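Notes follow the structure.
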Number of protein chains: 4
Amino acid sequence: MLIDLNCDLGESFGPYTLGNDEEIMPYVTSVNVACGLHAGDPMVLRRTLRAARRLGLAVGAHPGFPDLQGFGRRNMDLSPQEVENYVLWQIGAVWGLAQAEGVVLQHVKPHGALYNLAARDGALAQAIARAVASVDRSLILMGPAGSQLVQAGLEAGLAVAAEAFADRGYRADGSLIPRGQPGALVTDAEEVAANAVQIAVQGKIRVRDGSGAVIPLRAQTLCVHGDTPGAVQLVRSLRQRLEAHGVHVAPLRDVLSAGAV
Amino acid sequence: MLIDLNCDLGESFGPYTLGNDEEIMPYVTSVNVACGLHAGDPMVLRRTLRAARRLGLAVGAHPGFPDLQGFGRRNMDLSPQEVENYVLWQIGAVWGLAQAEGVVLQHVKPHGALYNLAARDGALAQAIARAVASVDRSLILMGPAGSQLVQAGLEAGLAVAAEAFADRGYRADGSLIPRGQPGALVTDAEEVAANAVQIAVQGKIRVRDGSGAVIPLRAQTLCVHGDTPGAVQLVRSLRQRLEAHGVHVAPLRDVLSAGAV
Amino acid sequence: MLIDLNCDLGESFGPYTLGNDEEIMPYVTSVNVACGLHAGDPMVLRRTLRAARRLGLAVGAHPGFPDLQGFGRRNMDLSPQEVENYVLWQIGAVWGLAQAEGVVLQHVKPHGALYNLAARDGALAQAIARAVASVDRSLILMGPAGSQLVQAGLEAGLAVAAEAFADRGYRADGSLIPRGQPGALVTDAEEVAANAVQIAVQGKIRVRDGSGAVIPLRAQTLCVHGDTPGAVQLVRSLRQRLEAHGVHVAPLRDVLSAGAV
Amino acid sequence: MLIDLNCDLGESFGPYTLGNDEEIMPYVTSVNVACGLHAGDPMVLRRTLRAARRLGLAVGAHPGFPDLQGFGRRNMDLSPQEVENYVLWQIGAVWGLAQAEGVVLQHVKPHGALYNLAARDGALAQAIARAVASVDRSLILMGPAGSQLVQAGLEAGLAVAAEAFADRGYRADGSLIPRGQPGALVTDAEEVAANAVQIAVQGKIRVRDGSGAVIPLRAQTLCVHGDTPGAVQLVRSLRQRLEAHGVHVAPLRDVLSAGAV
């Protein structure tokens, strides 16, 4: 049993610091670096890539909407063609800096509102998959388990990784309870760790709709967060719990290789 | 005798059109595409790369200062480290879109104030050369003949191309007469064409300081402009004149290969 | 009979020119100046305000979404609170430059996607009306005839102006045929002028849905455009036609004052 | 004896928080709010203005260079005309939001690189003074004691306020020791408080060049900082020390009024 732990990093900008990148890095295996349109800048990217290389972490591009002020979390009505070109641009920008650090990109994961829209909008999902495949067919496309994004990646002939969230509540149909609604966030460290184990070991999750039903949730990577108080401690205990249950935490490419057997 | 004709293109942005890209393209051999910080956007870049590919033109990245409002023509006081990272970023962004069009980048030429500062500031020149070498050692670095930028490229082990301007006035020390001063611009089509021939055939230029002296000016590429009235006609006649004098107009890489003999 | 002719101006940015501001200005009575988030910059604004003052035209702020690349025409999912603050900001920015030109602002008209959304979304419309009323209760709020925006302005105690389009096709319910659908644009100068007269004299418009029905359309201002080929000629003939039918073209405030009688 | 304490606030942006605005506010009398080009956004501005109003603090606009990534601390080569228009724009943007909070602006203080350049460049200083006078002749222009900026304000007929820094080292000519050089920063709370008292009570400061000389330094306002560890405690003790020496800490307008006697 293997699983990848991924985290969004490199989200600082100019004079502004966001997240605890240095503290969270030792506990994850894949990092998604912001590409400068919704967060991040060339100096931040360079530092983040260097730190990832030193720790031996796998790196992915984390493209988002061109909306720094809204942190890429506000829906924007872009055409698939616009999304494709913005994503190409952002992957390329990260690639340029990665070249200078000798880092080879492992994956691409859309950010925020783009991630959420592409999960259910096939045309946007295909636009993203086209962009990824155009840049480098060996890149892994990461998307929510069971989403249009994963489907579009498969159809484009890409390796794909299904992502799950141990700190978010799921509904019976496998979708996330939207932020702001009851049950959306799992804040209890014990419960988060239990969810992680259930996903990694059984490929299942207990839904948070009151029914207590357990649904299938197969994922190759778990998303963890580094920007809230207590986040680092929570990720550390989650990782320990996974390993205590015999789950090996490894970079995404290794997880996919193992899964291919 | 070979020489490359290069032109800055892809400078439109969102709803704004700049230049006559489609009209000038048939007369040049290398295009420098804006990277989105001083001009250009992902949609504009994609269109420009596609048109260049269809016409078989060589493509370079044209990075500049992060100042869209000032079109990258206002000096900004950036550290060499900042310049290096901004340039990496911009080359990468163009590379990402070029991948989608099957275009392999040929060269990098800094834009506007960055070009002018790096021509005489060794630290900035070295920062740019480092960035180019980090991304891909086979990229050609383009800079003004006799500049720190060309020197830095050579020291970084890059192929370099010296650039000259047939439509600008030179001083006795080989530098350009600054815009806004008498003699800075050569607007007579006949004189521009004569300058081009003198540079390409003799490796010399007549200075515009009243002395009428002729100085050496060896260049592998001539910069032409497409954004002024009559520009296209001027470039067409310049190219015809070159060919009439036995100068073959060819992409930069071919010019450098021939020169290496 | 009086009517105002308004036009969106000041949409150039940095090195980029958009529209034929100087040519269209002599034919309109109110100008809506872009505020820098979707178009326009401080230098462009200053020039536009100066030209408007010299021609004695009334000036309004034309706030839009913070999306220069999309020209404010892409929907963005902003909260009413965000919209209120962005609008306050933009009116203020124009006001600052207007102070330097001795221009007193007459009105506010939202731009592009913000205009369209606020036409039918009461919460956004109220946010805009709150912003306008907060800045200066004597500002006129301009919105499409029959819209939530006009309604919100009235409820906020503002003077409001209903706007109509002589060069757009209307549906039977009084809404515009969306761009991209058949009948959306009226390009025949004769038909545009006839529409203008019908709106100004009769307060009616013939719908373009094939039925040929005539519906009420009461408006105090007509929007004209200056950024298409032939636009200036079209506006000139429209204005001549209005005057030939006894319609006096006058700034919005005069139209409203007359209407108040 | 009266003196004003001013602090730069409202420098957060979108998802990014900078400074400890809420904690520092109770100890100052004038706040300089960022205008969105080098820091700040409409939501941040609104919150900052509201908090200032509730605490009864005087508010000023804090315009800077259009360089969010560089926090307005990188020199940009703008013409005086550009600076004038950018400043008008920024004062206006703050004014728009201030109207919504019922706040009347008291002063204008340039930020960062613009402040430093305008301190010694008469043309830039005059451009800023022109902008301030154009918007509202009752605004106070704040600049470093003895600077071109103060001089330009006086020549433009504005009320001006000379600013001093208790936490920075001065040279014998009255200029600040540049950041990065020995003695530039005074970090000892005791010394900062002693400097403040010396400035407020005696109008003098001991220079930090080794000579121990004491030079005149007349100022109506002291700049304090809220964005470093221990900043709040330092400002609190500075204010207590001032009051213990009989210096009344009051908003700038009151200080100037008292001084006029």
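The values are calculated or read from the model by the stated rules, or taken from the named source; none is laboratory data. Just so we're clear, the structure is a prediction, and the values are computed from it rather than from any experiment. Cβ: placed from backbone, ideal geometry, glycine included. Neighbour counts: every protein chain shown. In case anyone asks, the SASA skips ligands and DNA or RNA and just uses the protein heavy atoms, side chains included. Shrake-Rupley method; radii C 1.70, N 1.55, O 1.52, S 1.80 Å.
Structure notes:
- 14 Å beta-carbon shell around C:VAL255, net charge (K/R +1, D/E -1): -1
- Net charge of Cβ neighbours under 12 Å - reference C:ALA93; Lys, Arg +1; Asp, Glu -1: 0
- Taking B:ASP121, B:ASP21, B:ASP188 as the candidate residues, the one with maximal mean-square fluctuation in a Gaussian network model of chain B, Cα springs under 10 Å, is B:ASP188.
- Cβ-placed point charges (K, R +1; D, E -1), dipole of region D:2-256 about Cα centre in debye, nearest 20: 320 debye
- Distance between the C-alpha centres of region C:120-193 and region D:93-110: 30 Å, rounded to the whole angstrom.
- Considering only alpha-carbon pairs that sit under 8 angstrom and 6 or more positions apart, the relative contact order computed for region D:41-104 is 49 percent.
- In sequence order, calculated HN-Hα J values of region B:95-107 (Karplus, 6.51, -1.76, 1.60; Hz; x Gly/Pro): 4, x, 6, 5, 4, 5, 9, x, 9, 9, 5, 9, 8
- Residues in region A:28-75 occluded by at least 30 Å² - accessible area, probe radius 1.4 Å, against chain by itself: A:PRO42, A:MET43, A:ARG46, A:LEU68, A:GLN69, A:ARG74, A:ASN75
- Across the identical copies, the 7 Å label point of A:GLN81, projected outward along Cα→Cβ, sits 3.8, 3.8, 4.2 nm from its counterparts, in ascending order.
- Within 10 Å of the Cβ of each residue in D:143-154, the mean number of Cβ atoms contributed by other protein chains is 0.
- Here B:ALA244 yields copy-to-copy label distances, from shortest upward, of 5.3, 8.7, 8.9 nm, the label point defined as 7 Å from Cα along Cα to C-beta.
- Annotation: amide H-H contacts under 5 Å for B:LEU5 (H modelled 1.01 Å from N, sequence separation of 5 or more, or interchain): B:THR29, B:SER30, B:LEU222, B:ALA250.
- Shielding by partners - mean other protein chain Cβ count within 10 Å, residues of C:80-91: 6
- Three-way shape call for region A:157-261 based on the alpha-carbon gyration tensor, with the a/c threshold at 1.5: oblate
- Region C:152-239, relative contact order [Cα under 8 Å, separation at least 6], %: 32 percent
- When the Cα gyration tensor is reduced to axis lengths a ≥ b ≥ c, the ratio a/c stays below 1.5 for the protein assembly as shown, which is therefore classed as rounded.
- Ellipticity estimate at 222 nm from DSSP helix runs (n ≥ 4, -39,500 (n - 2.57)) divided over chain C, nearest 500: -12000 deg cm²/dmol
- When chains D and B come together, the accessible area they lose, probed at 1.4 Å and totalled over both chains, is close to 800 Å².
- Comparing A:GLN90, A:GLN69, A:GLN240 in a Gaussian network model of chain A (Cα springs below 10 Å), the most mobile by mean-square fluctuation is A:GLN69.
- With all pairs of different C-alpha atoms in the average, the Kirkwood value for the hydrodynamic radius of chain C is 18.1 Å.
- Distant-in-sequence amide contacts of B:TYR170, defined by a placed amide H-H separation under 5 Å and a gap of 5 or more residues or a different chain, comprise B:ILE177, B:ARG208.
- C-alpha center-to-center spacing [region C:28-46, region D:205-261] in angstrom: 42 Å
- Rotation relating B and D, chain D residue nearest the axis via C-beta, angstrom: D:MET76, 3
- Mean sequence separation of contacting Cα pairs (under 8 Å, at least six apart), scaled by the length of chain D, corresponds to a relative contact order of 21 percent.
- Lys, Arg +1 and Asp, Glu -1 on Cβ, resulting dipole of region D:1-151 about Cα centre, debye, nearest 20: 220 debye
- Label-to-label distance, C:ALA244 versus C:VAL201, with points set 7 angstrom from Cα along the beta-carbon direction: 1.0 nm.
- Over all other residues within a Cβ to Cβ distance under 11 Å of A:LEU238, the charged ones net out to -1, with Lys and Arg as +1 and Asp and Glu as -1.
- Interface residues in region A:1-26 - accessible area drops by 20 Å² or more relative to the isolated chain, probe 1.4 Å: A:PHE13, A:PRO15, A:TYR16, A:LEU18
- Ranking of A:THR17, A:THR29 by solvent-accessible surface, largest first: A:THR17, A:THR29 (1.4 Å probe, protein heavy atoms only, all chains present).
- For region A:186-197, backbone phi angles converted through the Karplus equation (6.51, -1.76, 1.60; θ = phi - 60°) give residue-by-residue couplings of 9, 10, 6, 4, 5, 5, 4, 5, 5, 4, 4, 5 Hz, Gly and Pro being listed as x.
- Label-point distances for A:GLY122 to the equivalent site in the other copies, using a point 7 angstrom along Cα→C-beta, read 3.7, 6.2, 7.2 nm when ranked shortest first.
- Surface share of carbon and sulfur [accessible, 1.4 angstrom probe, percent] for region A:2-256: 48 percent
- Residue-normalised accessible area of chain D, expressed per residue, 1.4 Å probe, Å²: 37 Å²
- Packing, taken as the mean count of other beta carbons within 10 Å per residue, orders the peptides A:246-253, D:159-166 from highest to lowest as D:159-166, A:246-253.
- The phi torsions of region B:131-147, fed into the Karplus equation with coefficients 6.51, -1.76 and 1.60 and a -60° offset, translate into couplings of 4, 4, 5, 5, 6, 6, 5, 8, 5, 8, 9, 9, x, x, 3, x, 8 Hz, rounded to whole numbers, with Gly and Pro shown as x.
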